[in-house]
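Below you'll find the structure, written out as structure tokens, and then a few comments.
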Amino acid sequence: MITIIPEAPENVAAFSATGEVTKEDFENLVFPHVKEKVNEFHELNYLLYLDTDLDNFTMGAWFQDVLLGLKNLTNWNRTAIVTDKEGVQNFTDIFSVLMPGEFKSFPKENLYNALYWCKNGNEVEA
């Protein structure tokens, strides 16, 4: 299931993924919310907090995620993936070389910092 993170800055489309994630999660929640943000801010700052195993994403959901990326390709600005899964962090870092905009992974304990980075493009000073 995907839910909107209500504490996200106004210019960030932020989502939390828990349990099984389906195509309907993207169609009914992610796409409309992303479209709204892109229409309002003319760019996409996107955060995904992964609180589930990647095995819980159905094939349909992954396909929808890819379509989302392609559909709004020119609007990507900053994307943060928040997870403690090292494989996903490495994938995010590699993916950032291939996509326009900035992609960055953050450990779960740094959710606030990830939201701040998505909003501003820099991190909170320690």
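Within 10 Å, count the other beta carbons around each residue, average over each peptide in 100-107, 113-120, 76-83, and list them highest first. Working shown, then result.
On the way: 100-107: 17.5, 113-120: 19.9, 76-83: 21.8.
Going from most to least packed, we get 76-83, 113-120, 100-107.
Listed values for segment 105-114 are Karplus-derived 3J(HN,Hα) couplings in whole Hz (6.51 cos²θ - 1.76 cosθ + 1.60, θ = phi - 60°), namely 9, 9, x, 3, 5, 9, 4, 4, 5, 5, and x replaces Gly and Pro. Here the peptides 38-49, 21-32, 2-13 are ranked by packing, the mean other Cβ count within 10 Å, and the order with the highest first is 38-49, 21-32, 2-13.
Laboratory data are not the source of any read-out in this text; all were calculated from the coordinates shown. Everything numeric here is computed off the predicted structure, so don't read it as measured data. Neighbour counts run over all protein chains shown; Cβ positions are idealised from the backbone, glycine included.
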